[in-house]
Amino acid sequence: MVAFCRRYRLERPARLRGPDKCQCGWSRIGLGKCSFDGDHDESACPKRQWAKTLVHHTIVEALVRFLKDVGMVGVRSEYKYWDSARVGTDMTRRVPDVVCTHPHTQVEYVIDARIFWNSMGAGSMGYISYDHTGWGAEYGEQEKEASWKDAIRRRREGVAHDVEFVPFSIEAGGVWGPAAKRFFETCLKLADSDRDVDLYHWSSGQFSSTWYDTMSILVAKGRAKVGVAASAADWSKRIRDMQYADYEDHTVGS
């Protein structure tokens, strides 16, 4: 029911809502009380930040494997000293999630992954209209473009090759942003074949669909983990203790 309400941006039934005042100290949608039931508990609550960070890291690791598979060179993750403003006093300093180079054009791709979690609200700013599919992914791209503008300019001025920034924005519901789609298609053109039986198996799906599915599954699993983390506080102590039980070792009597 909660997933259904969030999918269609409906207010949840009263029995499925958390308290107006979250235990983290924030109100349900950030500032003050509001009659609209947003998605604070799963998306904007600071207590969920670590769970969301783990999902982000999973997506970055998958991107690294994908880029190596398609043939990108110089693939690096968390390139700490990529930005020339590495002293740390400049607030525009950036650390890319992934950096790679196109083997034919020598274009350096700077990738920063972003998962847009809010489907019913915008954190501390309260409710915001979500008027078409992919709005959140596009909004995430715009935020990344603005925050990386100075760092990309510094990089272009300091190197001889072309530099292209890729805001790899994905919504928690699975929708990809336009920039992520374009970059994915560019990478697929590097692959030797869309169905390499030597690398995978004769009955395997296409290379492209395999990676599309992989990304979608990782986002779905991550969203489920965040949802479980949000609901765990409502479980009784007996139920919480049961999550550590190894049911495979239990003998079931007739």
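The values are calculated or read from the model by the stated rules, or taken from the named source; none is laboratory data. Because the structure is predicted, anything quoted here is derived from the model rather than measured. So basically every Cβ, Gly included, is an ideal-geometry build from the backbone, and we count neighbours across all protein chains shown.
A few remarks follow.
- Matching residues, region 36-77, being of a type in the set (Ser, Thr, Tyr) and crowded, with 21+ Cβ neighbours inside 10 Å: 43
- Helices (runs of 4 or more DSSP H) lying entirely in region 143-254 (those with 1 or more residues that are modelled with pLDDT of 85 or more and either exposed (fewer than 15 other Cβ atoms within 10 Å of the Cβ) or in contact with a Ser or Thr (Cβ under 9 Å, 6 or more places away or on another chain) (or both)): 178-188, 207-232
- Listing of strands (runs of 3 or more DSSP E) fully contained in region 6-119 that carry 1 or more residues being more than 17 Å from residue 148 (Cβ to Cβ) and modelled with pLDDT of 85 or more: 73-77, 98-101
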